[in-house]
Amino acid sequence: MKKQLILATNNKDKIFEILKILEGLDIEILNAGDFDDFPDVEETGGTLLENAVMKAKSVYEKYRLPCLADDTGLEVDYLSGAPGVMSARFAGEGCSYADNNKKLLKLLEGVPPEGRSARFKTVIAFTDFEGKIHTVEGILEGIIAEDRKGKYGFGYDPLFTVADRGIRLAELAPEEKNRISHRGRALEKIRPIILRAFKIDT
Ligand code: IMP
């Protein structure tokens, strides 16, 4: 039987990206949707790191299986780092990606491109078989555009112009986004740690 790894999320968009990067490993990858009683961890931490660790720990404690949790935030310099840990609920509880995009555009109305710098930050927490926590971070720098563009990705991707490419994150096909994204970078860092924990030779 393959050893199992739990992704502590039921966000389909994230699961899709994470599976693509961990593809080909001899590991059965489960997610929150595979369990009836998955712990519903409120993201009450003041930082992405606290939230990711909280999620990974509570899932490990419940199932005693290795777990990978990520927490991502968009930090806009003009807004002193907001929405940050509030990225999912920026426009209010239960809001859509479009609501969040609209609120961000409104807050940046009239701000010139040089004042619209931002970054995506992903923190990944991985609990290994013994429950030891490993954490890594991935960052992608960019500029918040003045309108939405692109058909791929999710969340704030249509507004996010990648700094050194001049192209929206939502214009990049999934493989291309994964190669350069905050989550992709964090996953590349955690990959060898997962392989070591699962005793997989590379
Ligand atoms: P979470 O707390 O890690 O689920 O992410 C918070 C919010 O950040 C999500 O609801 C999305 O709006 C946004 N987000 C997370 N990852 C990405 C991404 O890769 N691109 C664009 N937006 C993202």
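The values are calculated or read from the model by the stated rules, or taken from the named source; none is laboratory data. All of these numbers come straight from a predicted model, not from anything done at the bench. Note that each Cβ is placed from the backbone with ideal geometry, even for glycine, and that neighbours are counted across all protein chains shown. Surface accessibility is based on the protein's heavy atoms, side chains included, excluding ligands, DNA and RNA. Shrake-Rupley method; radii C 1.70, N 1.55, O 1.52, S 1.80 Å.
Which residues, counting only those in the range 60-84, are under 19 Å from ASP128 (Cβ atoms) and away from the ligand (no atom under 14 Å from the Cβ)?
TYR60, GLU61, LYS62, TYR63, ARG64, LEU65, PRO66, CYS67
Inspect all residues belonging to the range 13-30 and state whether any of them is open to solvent by 30 Å² or more (accessible area, probe 1.4 Å), more than 15 Å from the ligand (Cβ to nearest atom) and in a helix (DSSP H, G or I).
No, the range 13-30 contains no residue that is open to solvent by 30 Å² or more (accessible area, probe 1.4 Å), more than 15 Å from the ligand (Cβ to nearest atom) and in a helix (DSSP H, G or I).
When the range 174-202 is examined, which residues are found to be of a type in the set (Gly, Ala, Ser) and under 17 Å from THR127 (Cα atoms)?
Selection gives ALA186, ALA197.
Restricted to the range 1-12, and to residues that are more than 16 Å from the chain's Cα centre (by Cα) and open to solvent by 60 Å² or more (accessible area, probe 1.4 Å), which residue is modelled with the lowest pLDDT?
The qualifying residue modelled with the lowest pLDDT is MET1.
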